[in-house]
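Have a look at the structure below before the remarks.
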2 protein chains.
Amino acid sequence: MSDQAQFSGFVCPLPLRDYPRIVLGHGSGGRLSAELIRHLFVPLLANDALSALNDQALLEVEGVRLAFTTDSFVVQPLFFPGGSIGSLAVHGTINDLAVSGARPLFLSAGFILEEGLAMDALGQVVTDMARAAQAAGVQVVTGDTKVVEQGKGDGLFVNTAGIGVVPADVHIAADRARPGDVILLNGTVGDHGMAIMSVREGLAFETELVSDSAPLHTLVAAMLEVTRDIHCLRDATRGGLAAVLNELAEQSNVGMVLEEAAVPVKPSVQAACEMLGLDPLYVANEGKLVAIVPREHADAVLAAMRAHPLGREAAIVGEVVEEHAGMVVARTTIGAQRVVDMPLGEILPRIC
Amino acid sequence: MSDQAQFSGFVCPLPLRDYPRIVLGHGSGGRLSAELIRHLFVPLLANDALSALNDQALLEVEGVRLAFTTDSFVVQPLFFPGGSIGSLAVHGTINDLAVSGARPLFLSAGFILEEGLAMDALGQVVTDMARAAQAAGVQVVTGDTKVVEQGKGDGLFVNTAGIGVVPADVHIAADRARPGDVILLNGTVGDHGMAIMSVREGLAFETELVSDSAPLHTLVAAMLEVTRDIHCLRDATRGGLAAVLNELAEQSNVGMVLEEAAVPVKPSVQAACEMLGLDPLYVANEGKLVAIVPREHADAVLAAMRAHPLGREAAIVGEVVEEHAGMVVARTTIGAQRVVDMPLGEILPRIC
């Protein structure tokens, strides 16, 4: 770290002032991330697209509705059960486009390599990107490579930005959840995070823990065939299902009730979570989305999800309510209620 | 560095096999960078937009001609005379769009922060991005932040991807230089690289060395007002003027003759280069572009450049020839000729 004395002028607003230096939690997708976005990025870069706080910007360019998004990937290890940083970077950006209803078209790839990285490792990562892109029907059309000295990076970081086209009659947004709406989920939670942790921690049953990393755009397309009137869609990555529901509850100013028993969790993931003292609701996914739809469309959308290979275990997991606006409450299996808080900071660092 | 044993399958093609591990030169913009692009990225990610080897992809989306580009920034120090990594990230991506003739519209910003970075430093970088974007008339509409552990990054890296719209009648490309064309440059070379070096090396006359970091899109627009028939445009960043001319000579399969005395160099930059044993032709710029135009338009384009604040010292610096295809030859002040080679690797690391 160097030269932090040379700048001048900027004074952090509250509540950022409580953290004079960046901590891992600022990249967590939890409350610290949200504070950074709301109190630093959004006011400084002030514009409507950014302020909408969706996972992608919706732009009008010469009459075409574009979705535009970016994601940097710093996952460790680079290769893990069910994928690598290469396939993850493609799926992650496709999913940020898909949850706007966009048809993903083009990706960019910006690499930051650490001196000493094995050339074959880079080759394998790019091979994985290429295969993931081809399988999903998108193209990586532009790129950039920077190299930093040994000890100034961590093997390989990659940023993927993406462009997609949003149909004229689709209006999915984080502030559109309404009391009475139904909350749908396309399958088991916690798979990606626990797959990464199993490799890092050397868990004995690691062979059963596989990332769910997958491109969700065809699933979204199948859901939009049923109805264009999907209110919210978001992929549940950093911070897991809990973070996504909290974000949507806050941005829509509604309450959410989660039926905990209805949330699918693989037994191996549940066991690994218990061993590490983690709640699967907070563990990252890379192939899971939350959909909030009007009650009258819920069954039909659920049926469409279950008919898709990435939605076979889809379930209705809760509902939107007027009470406790901005808050997510889980009804537990024994009938008790508990608040599912926004995570403060980092539960599992460098998961994506 | 970790887990480079877990991948399998990828075997590097020649000539990459000479480098089993990434070296700094692979990020230089010189020959090692070109080999990585040609023998790894382009074949693996195979598509026409990428294979065109321009600084941006030209895409047709629902009848609109889009330019799409990405650049990661790893410059050290983060703040330097004439700018910071924030303003540089905005200017650099604007310029990659501008040299396609595009009107830059929207940027993304993906941050990779090192745990321990001062919050105020981040705030100042984002402030600089915001000011640069506003001054240039573009918006930063989507973003992402990741945090890595102390010692796994270097303060702050940022990726900016960008989208612009290309007018229907503009067809600028790296393979369009033709014998007889004239080579134009919009001002002095080496300013950015020597400004960075002056801070790093603590050169005595550092106050005179200031980065030329600037957004070139309004200059390009003024040039296109004169004629749509501009053959090639490229900003001369990593590898300097020498790298750009070599790339264009190779991609257009033509020779280039550079009149060395015609290339503007500030006396302070010249002096700093001599002290460090560097050739200003190879030093990075962040506000300079090379234009290759048909001879009949050269004087009018030059006049338009000189009438623009970022082209006051514009000059005709050479011509395109049929001889020595793929090679750049400089005519020196004493009438001798020398080959201006593509740099192999890194001359000045982490300059952008």
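The values are calculated or read from the model by the stated rules, or taken from the named source; none is laboratory data. This one's a predicted model, so the numbers in the text were calculated from it and none came from an experiment. Neighbour counts are summed over all protein chains in view; Cβ atoms, including those assigned to glycine, are modelled from backbone coordinates with ideal geometry. Side chains are part of the model used for accessible areas, which takes the heavy atoms of the whole protein and leaves out ligands, DNA and RNA. Shrake-Rupley method; radii C 1.70, N 1.55, O 1.52, S 1.80 Å.
Residues that are out of contact with any Gly (no Cβ under 8 Å at 6 or more places or on another chain), more than 7 Å from every other protein chain (Cβ to nearest Cβ), at negative phi and among the small types (Gly, Ala, Ser) within the range B:99-132 are absent altogether. Restricting to the range A:153-176, and then to whatever is of a type outside the set (A, V, I, L, M) and buried (at least 21 other Cβ atoms within 10 Å of the Cβ), can you tell me which residue is farthest from B:LEU40 (Cα to Cα)? Step by step, filter the range A:153-176, then rank; the result is A:GLY164. Identify all residues within the range A:75-133 that are of a type in the set (Asp, Glu) and touching a residue at least 60 places away in the same chain (Cβ under 8 Å); write none if there are none. Hit for the range A:75-133 is A:ASP96, nothing else.
Matching residues to (1) under 18 Å from the mean Cα position of the chain (by Cα); (2) more than 10 Å from chain A (Cβ to nearest Cβ); (3) within 30 Å of B:ALA242 (Cβ to Cβ):
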residue	(1), (2), (3)
B:THR142	no, no, no
B:THR145	no, no, no
B:GLU149	no, no, no
B:VAL182	no, yes, yes
B:LEU185	yes, yes, yes
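Of all the listed residues (A:ALA49, A:ALA98, A:ALA109, A:ALA121), the sole one being open to solvent by less than 10 Å² (accessible area, probe 1.4 Å) and either closer than 26 Å to A:GLU208 by Cα or modelled with pLDDT under 95 (or both) is A:ALA121. Restricting attention to the range B:38-66, the residues being closer than 24 Å to A:SER87 by Cα, more than 9 Å from chain A (Cβ to nearest Cβ) and among the charged types (D, E, K, R) number 1. Scanning the range A:127-143 for residues that are open to solvent by less than 10 Å² (accessible area, probe 1.4 Å) and either in the same structural domain as A:ASP212 (by TED's automatic domain parsing) or under 15 Å from A:VAL75 (Cα atoms) (or both) turns up just one, A:MET129.
Kindly provide the set of residues from the range A:67-95 that are at the interface with chain B (Cβ under 9 Å from one of its Cβ atoms), of a type outside the set (Gly, Ala, Ser) and either open to solvent by less than 10 Å² (accessible area, probe 1.4 Å) or more than 14 Å from the chain's Cα centre (by Cα) (or both), ordered by number. Of everything in the range A:67-95, those that are at the interface with chain B (Cβ under 9 Å from one of its Cβ atoms), of a type outside the set (Gly, Ala, Ser) and either open to solvent by less than 10 Å² (accessible area, probe 1.4 Å) or more than 14 Å from the chain's Cα centre (by Cα) (or both) turn out to be A:PHE68, A:THR69, A:THR70, A:PHE73, A:VAL74, A:GLN76, A:PRO77, A:LEU78, A:PHE79, A:PHE80.
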